[in-house]
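*Asks:* Here you go, one structure.
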Amino acid sequence: MLPLFPLQTVVYPRERLSLHVFEKRYQQLINDCEEENILFGIPTFINNKLEYGTEVQLLKISQKYPRGECDVICMGKRVFRIKKFYQEFPDKLYAGGEVEFIKDDNSSRAALQEKLLKKITILYTELAIDTPPVFTVPLISYQVAHKIGLSLHQEYYLLKLRNEIERLKYLINHLTTTIPVVRQMNKTKEVIKMNGHFKSFNPLDFEDFKM
């Protein structure tokens, strides 16, 4: 049994997560975590259902407010699948569930990590981001997943992959598709900027032109 804090987001193992907690039931959950040193799960609410999520540990309560709200920092631990969901944990306001933790194959390949890093560098260059995040090899898929433009459904799909090599390949394929789209958008912006400006065209050679 695991206390649950469902959210419409994806949390990955080893990810630091900052949350503003304002609902009474989750205020109670945070208090229990602080007092009893328990962990809880954040399952992703997607397609109107709850199935996969990540167990998280409360690291600290950074701010408490007069009405009971608080700002907390948590750390993702391991992925789980919900076997049975309960609207209320026994004798609590917050939800809970019977979960099974999913085994993960963390073996990786340096060549794939380097390929992914190169593509991330290209993406940020195309986006002209002034201060891009700094990533270095060894590179973990979860480390960059929120930083390369994945949709919620894509982030969730990545969460369900249980092999690091598969995750790296998935991210590389995503960037292989995304980078040309970004380049085309940049070209489109340049064309739009040219509207209303004086244009300079190269001279055309009509010597071999026939009607």
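*Asks:* Within the range 158-179, restricting attention to residues that are hydroxyl-bearing (Ser, Thr, Tyr) and either in the same structural domain as Glu15 (by TED's automatic domain parsing) or crowded, with 16+ Cβ neighbours inside 10 Å (or both), which residue is farthest from Val10 (Cα to Cα)?
*Replies:* For the range 158-179, the residue satisfying everything is Thr178.
*Asks:* Say we look at the range 45-61 and pick out the residues that are in contact (Cβ under 8 Å) with a residue 40 or more places away in the chain and closer than 17 Å to His20 by Cα; which of these is surrounded by the fewest Cβ atoms within 10 Å (Cβ to Cβ)?
*Replies:* The residue in question is Leu59.
*Asks:* Next question, about the same structure. Does Leu2 count as touching a Gly at 6+ places or on another chain (Cβ under 7 Å), surrounded by 17 or more Cβ atoms within 10 Å (Cβ to Cβ) and farther than 22 Å from Gln143 by Cβ?
*Replies:* Taking the combined requirement at face value, the residue satisfies it.
*Asks:* Those residues that are more than 15 Å from Ile165 (Cβ to Cβ) and touching a residue at least 12 places away in the same chain (Cβ under 8 Å), I need them from the range 108-136; list them, please.
*Replies:* Residues satisfying the conditions are Leu117, Lys119, Ile120, Ile122, Leu123, Glu126, Leu127, Pro133, Phe135, Thr136.
*Asks:* Check the range 63-72 and report whether any residue there is touching a residue at least 24 places away in the same chain (Cβ under 8 Å), of a type outside the set (A, V, I, L, M, F, W, C) and touching a Phe, Trp or Tyr at 6+ places or on another chain (Cβ under 6 Å).
*Replies:* The answer is yes, given that some residue of the range 63-72 is touching a residue at least 24 places away in the same chain (Cβ under 8 Å), of a type outside the set (A, V, I, L, M, F, W, C) and touching a Phe, Trp or Tyr at 6+ places or on another chain (Cβ under 6 Å).
*Asks:* Is it the case that some residue within the range 131-146 is of a type in the set (Phe, Trp, Tyr) and closer than 30 Å to Tyr86 by Cα?
*Replies:* Within the range 131-146 (the criterion being of a type in the set (Phe, Trp, Tyr) and closer than 30 Å to Tyr86 by Cα), the answer is yes, since at least one residue qualifies.
*Asks:* While we're on this one: Report, by residue number, each residue of the range 22-39 that is surrounded by 14 or more Cβ atoms within 10 Å (Cβ to Cβ) and either at positive phi or touching a residue at least 40 places away in the same chain (Cβ under 8 Å) (or both).
*Replies:* The answer is Arg25, Tyr26, Gln27, Gln28, Leu29, Ile30, Asp32.
*Asks:* Does the range 89-121 hold any residues that are among the charged types (D, E, K, R) and assigned to a helix (DSSP H, G or I), and which are they?
*Replies:* Glu114, Lys115, Lys118, Lys119
*Asks:* List, please: which pairs have Cβ atoms under 8 Å, are six or more places apart or on different chains, and start with a residue in the range 1-21 that is touching a residue at least 60 places away in the same chain (Cβ under 8 Å) and outside the structural domain of Arg162 (by TED's automatic domain parsing) and end with one that is assigned to a strand (DSSP E or B) and among the basic types (Lys, Arg)?
*Replies:* From residues that are touching a residue at least 60 places away in the same chain (Cβ under 8 Å) and outside the structural domain of Arg162 (by TED's automatic domain parsing), the pairs are Pro13/Lys77; Pro13/Arg78.
*Asks:* Let me ask something additional. Among the residues of the range 97-111, how many are surrounded by 12 or more Cβ atoms within 10 Å (Cβ to Cβ), over 21 Å from Pro43 (Cα atoms) and hydrophobic (A, V, I, L, M, F, W, C)?
*Replies:* Count: 0.
*Asks:* How about the range 67-96: which of its residues are surrounded by fewer than 19 Cβ atoms within 10 Å (Cβ to Cβ) and within 19 Å of Thr44 (Cα to Cα)?
*Replies:* Ile73, Met75, Lys77, Arg78, Arg81, Lys83, Lys84, Phe85, Tyr86, Gln87, Glu88, listed by residue number.
*Asks:* Now a separate question. Report, by residue number, each residue of the range 133-142 that is within 16 Å of the chain's Cα centre (by Cα) and either part of a loop (DSSP other than H, G, I, E, B) or more than 16 Å from Leu171 (Cα to Cα) (or both).
*Replies:* Listed by number, the residues that qualify are Pro133, Phe135, Leu139, Ile140.
The values are calculated or read from the model by the stated rules, or taken from the named source; none is laboratory data. Small disclaimer: the values here were computed from a predicted structure and weren't measured. As a convention, Cβ positions derive from the backbone with ideal geometry for all residues, glycine included, and neighbour counts pool all protein chains shown.
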